[in-house]
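These notes concern the structure reproduced below.
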Amino acid sequence: MDPETLSRLFATTYNPDPNVRKAAELEIRKLAGQEGTLAALIQVIGSDAVDVSVRLACTVYLKNRIRRSYFVDPEKPLPDQTPIQNSDRVAIRQNIFALLVAAPTRSIRAPLAECLRSLISHDYPEKWPTLLDEIKTLLASSRIQEVIAGCVASLELTKAFRYRPGTELTHTLVPQLFPQLVNIALQLFNAPATPEIPLLLHLILKTYKQTLAQTLSPHQQSHDSIVPWGRLLFQVVALRVPQDHLPENEEAREASEWAKAKKWAYGCLNRLFTRYGNPSQLPSSMKVDYIQFAQHFVTAFAPEIFKAYLSQVELFVSGQEWLSRKCQSAILSYFSECIKPKSTWVLLKPHFQTLVSSFVFPHLCFTETHRELWESDPIEYARMSIDEYEDLSSPVSAATYFLLTLAGARPKTTFIPLLTFVQTILGGTAPSTQKYGALKMTAVLVPHMVRNPAVRTSVAPFLAQHVLPSYAHPDGFMRNIALDVAVAIEKAEFRWPSPEDLEPHYAAALRALDDPDLPNRVQAAILLSEMVAHHASVRAALSGNIGKVVQDLLKLSDETDMDVLNSCMEVLVEHFDTELMPVATQLTMRLVATYMRLMADVASEDPEESDVGMSYSEDDIGAEDKTFAAMGTCKTIRTIIGSLENQKEILLQVQEIVIPVLTYTLSKQSVQAVELYDNMYEIVDGLTFNLRVITPSLWPVFELTYQRYKTNAADFLDEMLPSLENFMTWGSEAFVARPDYRGMVVDIYTSAMTNDHLGAMDRCNASKLIEAALLNLRGHMDDHLPTIVATALKGVVENPDHVKSARLANLQVLINCVLYNAPAALQLLVSAGAARAFFDKWFTAVRTENGLPRVHDKKLSTLACCELLKLPGSAVPPELQEGWVGIVSSVLTLLKELPEAIAKRKALEEAFEADDDEEEEEILDTVDEEGDVWDEDSAYMDFLAKESSALRKSRPSGVEEESDDESEDDEEIEEELGYLSPLEPVNPYVSFKAALTALQMQNPAVYQASTTSLSQEQQAFLMEVMKLAESDGAVPSS
């Protein structure tokens, strides 16, 4: 391939004419598989004679080709993979470092670095044994661009191995590369100032940080490593960057190389302390490897880190030094980690009030940045104010966590001073921007305020004094934060002293729905939904206005596309189902219109990904937000459906309105549509279960479900199953009339049972699916019985499933086949030579404690045994005749255990319903310990570390981790509370009596042997069973 021709083709991808551009892209795709194409592309990327934009387009194409097709699994090739020829692979490896050295801009260097990482992941060390030596040669070069390339390569090498727990990273890469890297970095402090210095520091420190993700190697723990690296990290933290080396624009400063270098220095020090250097919080599973290092680090390094950070805070607060937001966040995170250990709390304790007032509090105040956003983009402000705490790298989130940790871990020392500081700001003459910060600080501390016996009684008076007046404040942002405090109070489930204390806050929330500022209307909606969920008095007061509130909420949701508003709507629909019933169809129509608009917006923002051109940006955030909003809309629709359970006529109308949503979404295969599949099946389940009938307009959804399962949604069987069961339960007539529908169900079953990519849970679900078919389509599954028996036998006899629940599910399928058609099932089992093996496993399960643990399991086996007892003696296979007399005693065992299983199920149902009512109010422990603090968070981190350690130890190197459902034989199988078994109405006692009568008439010898072999206790119980059957009584509960 001629590089010049290739260069012209990529230049054409920038042509403004879409037809010309598309033609060039198609031509490039044709060339993808040709040998030499990528080798020629490398020449274009490395040529200074080619325009930079063309080189960039070529680099992005190269990155995408390598990412998608450098490794092709011959057994499972993906449809968009075009294998890269061997000669091109060699050319890429031989030239990748030269391209990095020649890269004129970061925008070209970044995708080249991704290319390198892909090569390393697949080729090092087996196919690229010289890689480490090549990197070390670059690092030793006197040319700065080659040193930069070496640092980029070091970073990509550590990225490729950071989550691999083997020895390559810890024993080879770190000892060989890191001494060279730290020496380069330390020498930079004595070198003349150049633009490359901060970039090199950034790359080297980021490389070091990558190795701290899971382990700290013995080399890094050694004095020879930790001392020079520690010196480097402290020097970078303390470095006073000249102002003329930083951009004037704040956003550009945050993105500058100096800011990144300092951020990674803070990140390294924080990681060393929090994961490896804090003995009081070190998880027990890590103590063997790190306790000695931790004890040294906490005494030799932790105090110095604290002093260095405190010095930076003092410089920043006094205006002498600029700190990026991420550096401020890192400092606050470290201070938070210093609260629990005794050794660092001693250092922090004298300074915490000063830190709160001068460093933490300003982050909570209303700033000019807030004001600009409030005025220019109120929707984004509303979104930001709700999501602000979720950005873990933001100073606001770090400041919040610092306050919560102070109040939670050292309450006796810190809590009252924190509240006093808030009172001082609110009670003084501070400007509104600071009072906003004090109220925001209040919202943060509310969970501790409402659970502290000494403070709880003062909460309502505090709100009356400081929050109620703010609802009417002339500044909109003050009204906003007042509503936010009230939301925090409600989420903390504060017990108001009286309805009179609550009423003015409710009235303020209702008024705020008409506030001129959109962020306040959003907060008002959230507050009202919280109040509705917690207070009967609010529900009573709002019932007369619920129509207006819902309309306001719908309008607000359409304006903002905020998912949180859909949650609010869901709460209102749940609590005002009766009041909203007359407008249920109109409400659903509005929600459907909103959903379809959101999905249209998502589709327009999701252009098809291409190898060609500039399609290398991050996922579009707007599309993600709209997808979440669509999910929320679906949940509200599902809530409406649930509220109409007893209003079948209205529900039928709602169904017709909703079906376009179902068919539209399930006909799409985009990433966003797939994310909504589970919401679709929640809606289908709700419609089919509550209506108990399948209308003609719903059958296309069943057909689409089968199509999706066969194309891109095989792993959604768990979500599909309830709906599929409902289709067969209440739409059996259609299955009887449509052989193709029955074939679809069987195909889903067999493919799920034989798909290596699916897990035990999927096999259980597939078994439940075919069980539903056998139970609901009696007499119409004969053609498929051989396939079902053969498939189930593989998991019971031929290759027993290693997961208990899946083994039982397979066994249940065969038992169902016996119940469905005993003579045919026996014949198929005999033909397969597995009849004796199956019966042995079945009756072993009957006799084993918890072998058939659930009510449905016991009823199914009882009724299947009854079918066997009805068979004439001539139909019993010879190999089973000897054990036939044991069937009666097995049924008696099942029936004796049945009442206990029913009682357990009832207790489980009652416990599930009572869960929400049994939560006790947590009382904050106000006893302050001056020693190390070990709290619930510490215990949870210890638990996670133990689980992670156990997982790594139990999995041999190179063996992939089993999915979560691949559990051992001690797995406990519990009742499925939502499952409505078709066998539920059947009285097993009546069935057994009829079967025993048939046995007596058709096979008297077996009847005689079966009854005389019973023990006295069994004979007595048999008489009791006969009495129950004659009275047609209910199954006894105990």
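Pull out all pairs, ordered by first then second residue, where Cβ-Cβ is under 7 Å, the residues are six or more apart or on different chains, the first lies in the stretch 89-117 and is touching a residue at least 60 places away in the same chain (Cβ under 8 Å) and at positive phi, and the second is assigned to a helix (DSSP H, G or I) and surrounded by fewer than 19 Cβ atoms within 10 Å (Cβ to Cβ).
none
Answer yes or no as to whether Tyr381 is aromatic (Phe, Trp, Tyr), within 18 Å of Arg479 (Cβ to Cβ), in the same structural domain as Met449 (by TED's automatic domain parsing) and assigned to a helix (DSSP H, G or I).
Values: aromatic (Phe, Trp, Tyr): yes; within 18 Å of Arg479 (Cβ to Cβ): yes; in the same structural domain as Met449 (by TED's automatic domain parsing): yes; assigned to a helix (DSSP H, G or I): yes.
In short, yes.
Which of the residues belonging to the stretch 874-904 are surrounded by 18 or more Cβ atoms within 10 Å (Cβ to Cβ) and modelled with pLDDT under 90?
Correct list: empty.
Return the pairs, sorted by first residue and then second, in which the second residue is in a loop (DSSP other than H, G, I, E, B) and surrounded by fewer than 16 Cβ atoms within 10 Å (Cβ to Cβ), the first residue lies in the stretch 236-248 and is at positive phi and not assigned by TED's automatic domain parsing to the domain that holds Leu186, the beta carbons are less than 9 Å apart, and the residues are 6+ apart or on different chains.
none
Which residue out of Arg109, Arg67 is in a helix (DSSP H, G or I) and farther than 22 Å from Leu26 by Cβ? Don't jump to the end; show me each part of the working.
Working: Arg67 fails: farther than 22 Å from Leu26 by Cβ.
Within the list Arg109, Arg67, the selection yields Arg109.
Checking Gly547 against (1) at pLDDT 95 or above; (2) part of a helix (DSSP H, G or I); (3) closer than 30 Å to Asp577 by Cβ, which single condition isn't satisfied?
It fails just one condition, (1).
Looking only at the stretch 209-227, how many residues end up being part of a helix (DSSP H, G or I) and closer than 26 Å to Arg164 by Cβ? Spell out the reasoning first.
First pass over the stretch 209-227, keeping only residues part of a helix (DSSP H, G or I): 209-210, 218-221, 223-227.
From what's left, closer than 26 Å to Arg164 by Cβ: 209-210, 218-221, 224-226.
Summing the residues that are part of a helix (DSSP H, G or I) and closer than 26 Å to Arg164 by Cβ in the stretch 209-227 gives 9.
Which number in (1) touching a helix residue (DSSP H, G or I) at 6+ places or on another chain (Cβ under 6 Å); (2) touching a residue at least 40 places away in the same chain (Cβ under 8 Å); (3) of a type in the set (Ser, Thr, Tyr) marks the one condition that Ser751 misses?
(1)
Would you check which residues across the stretch 653-667 are in contact (Cβ under 8 Å) with a residue 60 or more places away in the chain and of a type outside the set (Ser, Thr, Tyr) and list them?
As a first pass, look at the stretch 653-667 and keep what is in contact (Cβ under 8 Å) with a residue 60 or more places away in the chain: 653-654, 657-658, 660-661, 664-665.
Gln653, Val654, Ile657, Val658, Pro660, Val661, listed by residue number.
Tell me whether the stretch 219-234 contains one or more residues that are surrounded by 21 or more Cβ atoms within 10 Å (Cβ to Cβ) and either under 31 Å from the mean Cα position of the chain (by Cα) or of a type in the set (D, E, K, R) (or both).
no
Does Tyr290 satisfy the criteria of being at pLDDT 95 or above, surrounded by 18 or more Cβ atoms within 10 Å (Cβ to Cβ) and in the same structural domain as Thr207 (by TED's automatic domain parsing)?
No; evaluated as a whole, the condition is false for this residue.
Can you tell me which condition Gly33 does not meet? The list is (1) of a type in the set (Gly, Ala, Ser); (2) surrounded by 16 or more Cβ atoms within 10 Å (Cβ to Cβ); (3) modelled with pLDDT under 90, and all the others hold.
(2)
Can you find even one residue in the stretch 583-590 that is more than 24 Å from Lys491 (Cβ to Cβ) and modelled with pLDDT under 90? If you could, list the steps in order and put the result at the bottom.
Within the stretch 583-590, the subset more than 24 Å from Lys491 (Cβ to Cβ) is 583-590.
Those left that are additionally modelled with pLDDT under 90: 583.
Yes.
Test of understanding: among Gln43, Gln94, which residue is of a type outside the set (Gly, Ala, Ser), assigned by TED's automatic domain parsing to the domain that holds Leu138 and surrounded by fewer than 17 Cβ atoms within 10 Å (Cβ to Cβ)?
Only one candidate passes the filter, namely Gln94.
For Asp756, are the conditions met, namely being surrounded by 22 or more Cβ atoms within 10 Å (Cβ to Cβ) and modelled with pLDDT under 95?
no
For the stretch 485-505, does any single residue satisfy the condition of being touching a Ser or Thr at 6+ places or on another chain (Cβ under 7 Å), farther than 22 Å from Ala540 by Cα and touching a residue at least 24 places away in the same chain (Cβ under 8 Å)?
yes
Quick test for you: out of Glu490, Glu503, pick the one residue that is of a type in the set (Asp, Glu) and surrounded by fewer than 22 Cβ atoms within 10 Å (Cβ to Cβ). Steps first, please.
Working: Glu490 fails: surrounded by fewer than 22 Cβ atoms within 10 Å (Cβ to Cβ).
Testing whether each residue is of a type in the set (Asp, Glu) and surrounded by fewer than 22 Cβ atoms within 10 Å (Cβ to Cβ) leaves just Glu503.
Please tell me if Val571 is touching a residue at least 24 places away in the same chain (Cβ under 8 Å), buried (at least 17 other Cβ atoms within 10 Å of the Cβ) and of a type in the set (A, V, I, L, M).
In short, yes.
Could you please find all residues in the stretch 987-1016 being part of a loop (DSSP other than H, G, I, E, B), exposed (fewer than 15 other Cβ atoms within 10 Å of the Cβ) and either among the β-branched types (Val, Ile, Thr) or in contact (Cβ under 8 Å) with a residue 60 or more places away in the chain (or both)?
Answer for the stretch 987-1016, where residues must be part of a loop (DSSP other than H, G, I, E, B), exposed (fewer than 15 other Cβ atoms within 10 Å of the Cβ) and either among the β-branched types (Val, Ile, Thr) or in contact (Cβ under 8 Å) with a residue 60 or more places away in the chain (or both): just Ser1013.
Let's see how each residue does on (1) over 25 Å from Pro982 (Cα atoms); (2) at pLDDT 95 or above; (3) in the same structural domain as Met753 (by TED's automatic domain parsing):
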residue	(1), (2), (3)
Ile657	yes, yes, no
Gln669	yes, no, no
Val674	yes, no, no
Met680	no, yes, no
Ala713	yes, no, no
Met720	no, yes, no
Ser723	no, yes, no
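Pairs only if they're at least six apart or on different chains, beta carbon under 8 angstrom, first in the stretch 15-36 and closer than 10 Å to Thr82 by Cα, second assigned to a helix (DSSP H, G or I); list them, first residue then second.
Hits for this filter: Ala32/Arg65.
Hey, can you tell me all the residues within the stretch 203-229 that are in contact (Cβ under 8 Å) with a residue 12 or more places away in the chain and polar (S, T, N, Q)?
Scanning the stretch 203-229 gives Thr207, Gln210, Thr211, Gln214, Thr215, Ser217, Gln220, Gln221, Ser225.
Take Ile197 and decide whether it is surrounded by 14 or more Cβ atoms within 10 Å (Cβ to Cβ), without any contact (Cβ under 8 Å) to a residue 12 or more places away in the chain and in a helix (DSSP H, G or I).
Yes.
Among Phe306, Phe352, which is buried (at least 18 other Cβ atoms within 10 Å of the Cβ) and free of Cβ contacts under 8 Å to residues at least 60 places away in the same chain?
None of the others qualify; the one that does is Phe306.
Could you say which residue among Arg479, Arg511 is surrounded by fewer than 16 Cβ atoms within 10 Å (Cβ to Cβ), more than 30 Å from the chain's Cα centre (by Cα) and modelled with pLDDT of 95 or more? Walk me through it before giving the result.
Numbers: Arg479 fails: surrounded by fewer than 16 Cβ atoms within 10 Å (Cβ to Cβ).
None of the other options fit; the residue is Arg511.
Within the group Ala509, Ala525, which residue is in contact (Cβ under 8 Å) with a residue 40 or more places away in the chain and in contact with a Leu (Cβ under 6 Å, 6 or more places away or on another chain)?
Going through Ala509, Ala525 in turn, just one is in contact (Cβ under 8 Å) with a residue 40 or more places away in the chain and in contact with a Leu (Cβ under 6 Å, 6 or more places away or on another chain): Ala525.
Among the numbered criteria (1) in contact with a Ser or Thr (Cβ under 9 Å, 6 or more places away or on another chain); (2) charged (D, E, K, R); (3) outside any helix (DSSP H, G or I), which single criterion is violated by Glu146?
So the condition that Glu146 fails would be (3).
If you check Val396 against the conditions, is it within 21 Å of Ala252 (Cα to Cα) and in the same structural domain as Gly476 (by TED's automatic domain parsing)? Lay out the reasoning, then the answer.
On the way: within 21 Å of Ala252 (Cα to Cα): yes; in the same structural domain as Gly476 (by TED's automatic domain parsing): yes.
Yes, satisfied.
Which helices (runs of 4 or more DSSP H) sit wholly inside the stretch 669-750 and have at least 1 residues that are within 27 Å of the chain's Cα centre (by Cα) and surrounded by fewer than 21 Cβ atoms within 10 Å (Cβ to Cβ)?
Details: elements: 671-675, 677-691, 699-711, 717-730, 732-737.
Per the criteria, 671-675, 677-691, 699-711, 717-730.
The values are calculated or read from the model by the stated rules, or taken from the named source; none is laboratory data. These numbers were taken from a predicted model, which means no experiment stands behind them. Every residue, glycine as well, gets a Cβ built from its backbone with ideal geometry; the counts of neighbours run over all protein chains shown.
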